[in-house]
Amino acid sequence: GQSLEQPSEVTAVEGAIVQINCTYQTSGFYGLSWYQQHDGGAPTFLSYNALDGLEETGRFSSFLSRSDSYGYLLLQELQMKDSASYFCAVKNHGQNFVFGPGTRLSVLP
Amino acid sequence: DVKVTQSSRYLVKRTGEKVFLECVQDMDHENMFWYRQDPGLGLRLIYFSYDVKMKEKGDIPEGYSVSREKKERFSLILESASTNQTSMYLCASSSRRRDRVYEQYFGPGTRLTVT
(Lines give C-alpha, C1' and ligand atoms only; values in the text may rest on other atoms or scores of the structure.)
Protein backbone atom coordinates (compact mmCIF):
# COMPACT_ATOMS: atom_id res chain seq x y z
CA GLY A 1 0.00 0.00 0.00
CA GLN A 2 0.88 3.66 -0.03
CA SER A 3 0.86 5.90 3.00
CA LEU A 4 2.19 9.25 4.12
CA GLU A 5 2.29 10.38 7.72
CA GLN A 6 2.34 13.95 9.04
CA PRO A 7 1.55 15.41 12.46
CA SER A 8 -2.06 16.54 12.53
CA GLU A 9 -1.38 19.86 14.28
CA VAL A 10 1.56 22.11 15.11
CA THR A 11 1.50 25.35 17.08
CA ALA A 12 4.23 28.01 17.21
CA VAL A 13 4.62 31.70 17.97
CA GLU A 14 5.32 34.55 15.59
CA GLY A 15 8.99 34.85 14.70
CA ALA A 16 9.78 31.26 15.63
CA ILE A 17 10.97 28.36 13.46
CA VAL A 18 8.79 25.31 12.92
CA GLN A 19 9.46 21.97 11.23
CA ILE A 20 6.70 19.82 9.73
CA ASN A 21 7.73 16.22 9.15
CA CYS A 22 6.54 13.76 6.54
CA THR A 23 7.32 10.06 6.33
CA TYR A 24 6.20 7.96 3.41
CA GLN A 25 5.75 4.41 2.20
CA THR A 26 4.92 4.30 -1.49
CA SER A 27 5.26 1.83 -4.33
CA GLY A 28 7.45 4.22 -6.31
CA PHE A 29 9.24 7.45 -5.52
CA TYR A 30 10.37 10.26 -7.77
CA GLY A 31 10.14 13.24 -5.43
CA LEU A 32 8.39 15.00 -2.55
CA SER A 33 6.31 18.17 -2.91
CA TRP A 34 4.86 20.53 -0.32
CA TYR A 35 1.64 22.53 -0.59
CA GLN A 36 0.05 25.21 1.56
CA GLN A 37 -3.71 25.60 1.93
CA HIS A 38 -5.41 28.42 3.80
CA ASP A 39 -8.91 27.84 5.14
CA GLY A 40 -11.38 28.07 2.27
CA GLY A 41 -8.60 28.33 -0.29
CA ALA A 42 -6.95 26.13 -2.88
CA PRO A 43 -3.67 24.33 -2.22
CA THR A 44 -0.69 26.23 -3.58
CA PHE A 45 2.68 24.74 -4.44
CA LEU A 46 5.61 25.55 -2.15
CA SER A 47 8.55 23.31 -3.03
CA TYR A 48 9.78 20.04 -4.49
CA ASN A 49 12.70 17.75 -3.65
CA ALA A 50 13.80 15.06 -6.09
CA LEU A 51 17.24 14.57 -4.56
CA ASP A 52 18.49 14.29 -1.00
CA GLY A 53 19.27 17.54 0.74
CA LEU A 54 17.88 20.94 1.50
CA GLU A 55 16.07 23.26 -0.92
CA GLU A 56 15.63 26.86 0.20
CA THR A 57 13.02 29.29 -1.04
CA GLY A 58 12.94 32.45 1.04
CA ARG A 59 11.63 31.74 4.53
CA PHE A 60 10.67 28.19 3.56
CA SER A 61 13.06 25.26 3.15
CA SER A 62 12.35 21.63 2.36
CA PHE A 63 14.52 18.62 3.10
CA LEU A 64 14.53 15.08 1.76
CA SER A 65 16.26 11.86 2.81
CA ARG A 66 15.37 9.11 0.37
CA SER A 67 17.16 6.44 2.39
CA ASP A 68 14.99 7.27 5.42
CA SER A 69 11.78 7.84 3.38
CA TYR A 70 11.52 11.14 5.22
CA GLY A 71 11.23 14.80 4.50
CA TYR A 72 10.35 18.01 6.26
CA LEU A 73 9.24 21.55 5.60
CA LEU A 74 10.99 24.23 7.62
CA LEU A 75 9.32 27.58 8.09
CA GLN A 76 11.45 30.39 9.53
CA GLU A 77 10.51 33.80 10.93
CA LEU A 78 6.93 32.68 11.29
CA GLN A 79 4.20 35.17 10.46
CA MET A 80 0.51 35.10 11.28
CA LYS A 81 -0.26 34.60 7.59
CA ASP A 82 1.59 31.26 7.72
CA SER A 83 -1.34 29.79 9.69
CA ALA A 84 -2.62 27.20 7.24
CA SER A 85 -2.60 23.50 6.47
CA TYR A 86 0.50 22.01 4.90
CA PHE A 87 0.49 18.85 2.79
CA CYS A 88 3.34 16.69 1.63
CA ALA A 89 2.85 14.74 -1.60
CA VAL A 90 4.91 11.98 -3.16
CA LYS A 91 5.29 11.72 -6.91
CA ASN A 92 5.23 8.04 -7.71
CA HIS A 93 4.85 6.28 -11.06
CA GLY A 94 3.33 8.13 -13.95
CA GLN A 95 2.12 11.68 -13.65
CA ASN A 96 0.23 11.60 -10.36
CA PHE A 97 0.90 12.28 -6.70
CA VAL A 98 -0.15 10.75 -3.38
CA PHE A 99 -0.94 13.35 -0.72
CA GLY A 100 -0.48 13.16 3.02
CA PRO A 101 -3.31 13.91 5.49
CA GLY A 102 -2.04 17.44 6.15
CA THR A 103 -0.68 19.37 9.14
CA ARG A 104 -2.57 22.31 10.53
CA LEU A 105 -0.16 25.04 11.61
CA SER A 106 -1.37 27.66 14.05
CA VAL A 107 0.84 30.72 14.55
CA LEU A 108 0.19 32.57 17.80
CA PRO A 109 1.01 36.25 18.43
CA ASP B 1 -1.77 34.79 -14.25
CA VAL B 2 -2.33 31.05 -14.48
CA LYS B 3 -5.79 29.87 -13.68
CA VAL B 4 -7.84 26.79 -12.97
CA THR B 5 -11.55 27.41 -12.67
CA GLN B 6 -14.35 25.17 -11.47
CA SER B 7 -17.97 25.54 -12.47
CA SER B 8 -19.44 25.95 -8.99
CA ARG B 9 -18.16 26.82 -5.50
CA TYR B 10 -21.16 25.24 -3.79
CA LEU B 11 -23.57 22.58 -5.02
CA VAL B 12 -26.46 20.79 -3.33
CA LYS B 13 -27.86 17.67 -4.99
CA ARG B 14 -30.27 14.93 -4.05
CA THR B 15 -29.40 11.26 -3.68
CA GLY B 16 -29.59 9.50 -7.04
CA GLU B 17 -29.07 12.61 -9.16
CA LYS B 18 -26.43 12.71 -11.88
CA VAL B 19 -23.91 15.41 -11.08
CA PHE B 20 -21.43 17.13 -13.39
CA LEU B 21 -18.43 19.05 -12.09
CA GLU B 22 -16.51 21.04 -14.67
CA CYS B 23 -12.92 22.21 -14.61
CA VAL B 24 -11.13 24.47 -17.07
CA GLN B 25 -7.44 25.45 -17.16
CA ASP B 26 -5.83 28.11 -19.30
CA MET B 27 -2.20 26.98 -19.04
CA ASP B 28 -2.18 24.46 -21.91
CA HIS B 29 -1.33 21.73 -19.38
CA GLU B 30 -1.38 18.14 -20.50
CA ASN B 31 -2.22 16.66 -17.07
CA MET B 32 -5.47 17.22 -15.21
CA PHE B 33 -6.62 15.70 -11.93
CA TRP B 34 -9.71 15.35 -9.79
CA TYR B 35 -9.32 15.00 -6.00
CA ARG B 36 -11.71 14.90 -3.13
CA GLN B 37 -10.72 16.41 0.19
CA ASP B 38 -12.14 15.26 3.50
CA PRO B 39 -11.00 16.29 7.01
CA GLY B 40 -8.11 14.18 8.26
CA LEU B 41 -7.75 12.32 4.96
CA GLY B 42 -5.95 14.89 2.88
CA LEU B 43 -6.45 14.91 -0.88
CA ARG B 44 -7.39 11.62 -2.48
CA LEU B 45 -7.05 11.14 -6.21
CA ILE B 46 -10.23 10.09 -8.02
CA TYR B 47 -9.12 10.19 -11.67
CA PHE B 48 -6.49 11.87 -13.75
CA SER B 49 -5.91 12.47 -17.44
CA TYR B 50 -2.58 12.93 -19.18
CA ASP B 51 -4.01 13.78 -22.60
CA VAL B 52 -7.25 14.41 -24.44
CA LYS B 53 -9.58 11.38 -24.26
CA MET B 54 -7.11 9.60 -21.95
CA LYS B 55 -7.95 8.79 -18.34
CA GLU B 56 -6.52 6.78 -15.50
CA LYS B 57 -8.14 5.66 -12.28
CA GLY B 58 -6.79 7.09 -9.09
CA ASP B 59 -7.17 5.69 -5.59
CA ILE B 60 -10.95 6.08 -5.19
CA PRO B 61 -12.67 5.92 -8.62
CA GLU B 62 -15.76 3.97 -7.52
CA GLY B 63 -18.95 5.89 -8.18
CA TYR B 64 -17.24 8.42 -10.46
CA SER B 65 -16.42 8.79 -14.13
CA VAL B 66 -14.59 11.48 -16.11
CA SER B 67 -14.52 13.02 -19.54
CA ARG B 68 -11.80 14.93 -21.35
CA GLU B 69 -12.87 15.92 -24.82
CA LYS B 70 -10.73 19.06 -24.99
CA LYS B 71 -7.29 19.74 -23.58
CA GLU B 72 -8.42 22.57 -21.34
CA ARG B 73 -11.50 20.89 -19.87
CA PHE B 74 -11.84 17.93 -17.49
CA SER B 75 -15.23 16.88 -16.19
CA LEU B 76 -16.07 14.73 -13.18
CA ILE B 77 -19.37 12.86 -13.25
CA LEU B 78 -21.20 11.30 -10.34
CA GLU B 79 -23.50 8.84 -12.07
CA SER B 80 -25.87 8.49 -9.11
CA ALA B 81 -24.96 10.76 -6.22
CA SER B 82 -24.90 9.28 -2.74
CA THR B 83 -24.55 10.92 0.67
CA ASN B 84 -21.03 9.51 1.13
CA GLN B 85 -19.96 11.62 -1.86
CA THR B 86 -20.57 14.79 0.11
CA SER B 87 -17.13 16.40 0.04
CA MET B 88 -14.89 19.15 -1.30
CA TYR B 89 -13.83 18.41 -4.88
CA LEU B 90 -10.62 19.93 -6.18
CA CYS B 91 -9.43 20.02 -9.77
CA ALA B 92 -5.75 20.49 -10.62
CA SER B 93 -3.53 20.63 -13.67
CA SER B 94 0.18 20.28 -14.35
CA SER B 95 2.61 20.33 -17.21
CA ARG B 96 4.22 17.10 -18.44
CA ARG B 97 7.57 18.83 -18.78
CA ARG B 98 10.12 16.94 -16.73
CA ASP B 99 11.08 20.07 -14.78
CA ARG B 100 7.50 21.23 -14.14
CA VAL B 101 5.51 18.04 -13.61
CA TYR B 102 5.87 18.27 -9.83
CA GLU B 103 3.93 21.57 -9.60
CA GLN B 104 0.18 21.21 -9.62
CA TYR B 105 -2.16 24.20 -9.94
CA PHE B 106 -5.46 23.86 -8.13
CA GLY B 107 -8.88 25.31 -8.70
CA PRO B 108 -10.88 26.90 -5.85
CA GLY B 109 -12.86 23.73 -5.21
CA THR B 110 -16.53 22.73 -5.30
CA ARG B 111 -18.20 21.90 -2.02
CA LEU B 112 -20.80 19.29 -2.90
CA THR B 113 -23.55 18.32 -0.49
CA VAL B 114 -25.71 15.31 -1.31
CA THR B 115 -28.94 15.13 0.69
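Residues in the range A:92-101: is at least one within 14 Å of chain B (Cβ to nearest Cβ) and at pLDDT 95 or above? Within the range A:92-101 (the criterion being within 14 Å of chain B (Cβ to nearest Cβ) and at pLDDT 95 or above), the answer is no, since none of the residues qualifies. Failed condition for B:Glu62, given (1) more than 11 Å from chain A (Cβ to nearest Cβ); (2) in contact (Cβ under 8 Å) with a residue 12 or more places away in the chain, with all others met? Among (1) more than 11 Å from chain A (Cβ to nearest Cβ); (2) in contact (Cβ under 8 Å) with a residue 12 or more places away in the chain, the lone unmet condition for B:Glu62 is (2).
Taken together, the criteria exclude B:Arg44 from residues that are charged (D, E, K, R), surrounded by 15 or more Cβ atoms within 10 Å (Cβ to Cβ) and modelled with pLDDT of 95 or more.
Listed here are the strands (runs of 3 or more DSSP E) enclosed by the range A:1-46 that have at least 2 residues being among the β-branched types (Val, Ile, Thr), under 15 Å from A:Tyr86 (Cα atoms) and within 11 Å of the chain's Cα centre (by Cα): A:18-25. With respect to being within 14 Å of chain B (Cβ to nearest Cβ), among the aliphatic types (A, V, I, L, M) and surrounded by fewer than 22 Cβ atoms within 10 Å (Cβ to Cβ), A:Ala89 falls outside the description. Among the residues of the range A:44-67, are any in contact with a Phe, Trp or Tyr (Cβ under 7 Å, 6 or more places away or on another chain) and closer than 19 Å to B:Met88 by Cβ? The answer is yes; a qualifying residue exists.
Only one of A:Leu74, A:Leu105, A:Leu54, A:Leu78 is modelled with pLDDT of 95 or more and not in a strand (DSSP E or B); which? First the steps, then the outcome.
On the way: A:Leu74 fails: not in a strand (DSSP E or B); A:Leu105 fails: not in a strand (DSSP E or B); A:Leu54 fails: not in a strand (DSSP E or B).
One residue alone meets the criteria, A:Leu78.
The set of residues from the range B:78-115 being touching a helix residue (DSSP H, G or I) at 6+ places or on another chain (Cβ under 8 Å), within 16 Å of B:Arg36 (Cα to Cα) and among the β-branched types (Val, Ile, Thr) comprises just one member, B:Val114.
Considering (1) more than 10 Å from the chain's Cα centre (by Cα); (2) within 14 Å of chain B (Cβ to nearest Cβ); (3) surrounded by 18 or more Cβ atoms within 10 Å (Cβ to Cβ); (4) not acidic (Asp, Glu), the lone condition that A:Leu51 does not fulfil carries the number (3).
Each row is one residue, and each column tells you yes or no for (1) of a type in the set (A, V, I, L, M, F, W, C); (2) within 14 Å of chain A (Cβ to nearest Cβ).
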site: B:Tyr47; (1), (2): no, yes
site: B:Gly58; (1), (2): no, yes
site: B:Glu79; (1), (2): no, no
site: B:Ala92; (1), (2): yes, yes
site: B:Arg96; (1), (2): no, yes
site: B:Thr110; (1), (2): no, yes
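Listed residues B:Met27, B:Met32; which is within 18 Å of A:Phe45 (Cβ to Cβ), touching a residue at least 40 places away in the same chain (Cβ under 8 Å) and within 11 Å of chain A (Cβ to nearest Cβ)? Don't jump to the end; show me each part of the working.
Numbers: B:Met27 fails: within 11 Å of chain A (Cβ to nearest Cβ).
On inspection, the qualifying residue turns out to be B:Met32.
Checked against (1) under 10 Å from the mean Cα position of the chain (by Cα); (2) buried (at least 18 other Cβ atoms within 10 Å of the Cβ), A:Asp82 meets all criteria but (1).
The values are calculated or read from the model by the stated rules, or taken from the named source; none is laboratory data. All figures in this text were calculated on a predicted structure; none of them were measured in a lab. Cβ: placed from backbone, ideal geometry, glycine included. Neighbour counts: every protein chain shown.
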